[in-house]
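Before anything else, here's the structure in question.
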Amino acid sequence: MKIMILMGSPNRKGSTNILVESFVRGAEESGHTCEVIDVCHAEIRPCTGCVACGYEGPCVQKDDVEEIRGKLLASDMVVFATPLYYYGMSAQLKTMVDRFCAFNSSLNSRHLKSALITAAWNADDWTFEALEAHYKTLVRYINFEDRGMVLGYGCGTPQMTARSRYPEQAYRLGKSL
Ligand SMILES: Cc1cc2nc3c(=O)[nH]c(=O)nc-3n(C[C@H](O)[C@H](O)[C@H](O)COP(=O)(O)O)c2cc1C
């Protein structure tokens with residue numbers, strides 16, 4: 001499979017990245033090809049809501065999303081990777097998701113596999129309730145096939161994350177694909 005990881009943490013050496021690297025190692029060991037798309041450092045402008053695309057068509061904004069669109073539509077799986085920011089995904093990742101608007105139908109008909117990888121400081125059992133609900137709703141709406149979630153509770157710093165069980169969980173998710 002061709003797997004695109006939408007990396008929504010601005011920290012290149014942060015906790016989310018630790019989980020993403022573990023996932024990639026597992027997936028590559030199982031023969032898949034992975035590409036990490038750094039949505040935080042790409043030029044991705046927010047959707048203006050003009051709907052000139054008609055929910056399927058060229059976007060009036062000419063930025064890195066054109067290339068990302070091609071990559072996503074040519075892939076078999078998309079992974080949403082994000083630190084938990086105020087109990088949701090990072091704004092950088094959400095900005096990318098909003099730009100799905102211009103290829104909503106084609107993305108829907110691709111029926112991609114998907115996964116969620118996330119890290120948070122909090123370790124309470126309700127930590128990921130809102131993000132999990134949002135992810136599951138996206139899966140349902142965009143007709144993805146969920147292949148799993150790595151919810152990194154208590155992953156507040158790279159040190160905490162490296163010591164936790166979540167890198168292993170991310171590795172196993174990649175390996176299991
Ligand atoms: C703007 C911001 C918002 C955050 N919001 C939350 C939050 O709502 N709940 C939580 O448990 N941690 C929160 N955190 C902590 C991060 O999710 C956590 O430190 C994570 O490991 C950061 O991942 P990174 O190293 O990939 O940046 C927040 C951090 C930042 C910078």
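The values are calculated or read from the model by the stated rules, or taken from the named source; none is laboratory data. Note that the structure is a prediction, hence the values are computed from the model and not measured. So basically every Cβ, Gly included, is an ideal-geometry build from the backbone, and we count neighbours across all protein chains shown. Heads up: the accessible areas ignore ligands, DNA and RNA and are worked out on the full protein's heavy atoms, side chains in. Shrake-Rupley method; radii C 1.70, N 1.55, O 1.52, S 1.80 Å.
So for W126, W121, what's the accessible-area order with a 1.4 Å probe, most first?
Correct descending sequence by accessible area is W121, W126.
Related question: Just reorder R12, R25 by solvent-accessible area, largest first, 1.4 Å probe, all chains present.
The residues order as R12, R25, largest area first.
Evaluate the relative contact order of segment 1-54 (contact order divided by residue number), counting alpha-carbon pairs under 8 angstrom at least 6 apart; express in whole percent.
Over segment 1-54, the number comes to 49 percent.
Now for a separate question. Roughly what % antiparallel, to the nearest 5, for the DSSP beta bridges in the chain?
Around 10 percent of the beta bridges assigned by DSSP in the chain are antiparallel ones.
To continue, here is another question. Note down the magnitude of the dipole of segment 17-74 about its Cα centre, charges +1 on Lys and Arg C-beta and -1 on Asp and Glu C-beta and zero elsewhere, to the nearest 20 debye.
For segment 17-74, the charge dipole is close to 200 debye.
Rounded to the nearest 500 deg cm²/dmol, what is the calculated helix-only ellipticity per residue at 222 nm for the chain, with -39500 (n - 2.57) per DSSP H run of length n ≥ 4?
Value at 222 nm, helices only: -11500 deg cm²/dmol.
Moving on. Quick one: order R163, R69, R110 from most to least accessible surface, probe 1.4 Å.
Final ranking, largest accessible area leading: R163, R110, R69.
For the chain, find the longest principal axis of its Cα atoms and tell me its angle to the long axis of helix 129-142, 0 to 90°, nearest 10.
That works out to roughly 40 degrees.
Also, quick follow-up: Provide the per-residue ³J(HN,Hα) series for segment 53-60, in order, calculated from phi with Karplus coefficients 6.51, -1.76, 1.60 and θ = phi - 60°, each as a whole number of Hz, with x at glycine and proline positions.
Result, rounded to whole Hz: 6, x, 6, 6, x, x, 8, 5.
Whole-Å semi-axes of segment 63-113's equivalent ellipsoid, largest first, each the root of 5 times a Cα gyration tensor eigenvalue?
So the three semi-axes of segment 63-113 are 20, 13, 10 Å.
Starting from one equal scatterer on each C-alpha and no solvent at all, send me the Debye-based log10 I(q)/I(0) for segment 1-101 at q = 0.20 Å⁻¹, two decimals.
Relative scattering, expressed as log10 I(q)/I(0), comes to -1.03.
Accessible area per residue for segment 45-117 in Å², computed with a 1.4 Å probe and the full protein assembly in place, what is it?
44 Å²
Right, something else. Under the Kirkwood approximation for Rh and a Cα-based Rg, what ratio Rg/Rh is obtained for segment 99-177?
1.04
For segment 55-146, what is the convex hull volume of the alpha-carbon atoms per residue, in Å³?
Cα convex hull per residue, to the nearest whole number: 93 Å³.
While we're here: If you add up the charges near V65, with Lys and Arg at +1 and Asp and Glu at -1, over every other residue whose beta carbon is less than 12 angstrom from its beta carbon, what do you get?
That sum, taken over residues with Cβ under 12 Å, equals -1.
What does a probe at S176 reach in segment 14-47, counting residues whose amide N is under 14 Å from the point 7 Å along Cα→Cβ?
From segment 14-47, the list is 23, 26-27.
Given a cut-off of under 8 Å on Cα pairs at least six residues apart, what relative contact order in percent is computed for segment 22-94?
24 percent.
How large is ³J(HN,Hα) for each residue in segment 105-110, as worked out from phi by the Karplus curve 6.51 cos²θ - 1.76 cosθ + 1.60 (θ = phi - 60°), to whole Hz, x for Gly and Pro?
Going residue by residue, I get 5, 5, 5, 4, 7, 6 Hz, with x marking Gly and Pro.
For the ranges 138-145, 92-99, what's the packing order if you count other beta-carbon atoms within 10 Å of each residue, average per peptide, and put the highest first?
The most tightly packed comes first, giving 92-99, 138-145.
Another question, then. Given an 8 Å cut-off on Cα distances and at least 6 residues of separation, report the relative contact order of segment 2-175 as a percent.
Computed value for segment 2-175: 32 percent relative contact order.
With only alpha-carbon atoms counted, please give the Rg and Dmax of the chain, in Å.
Rg then Dmax for the chain, in Å: 15.5, 48.
Quick one: with all protein chains in place, what share of the accessible area of the chain is carbon or sulfur, to the nearest percent (1.4 Å probe)?
Carbon plus sulfur share of accessible area: 52 percent.
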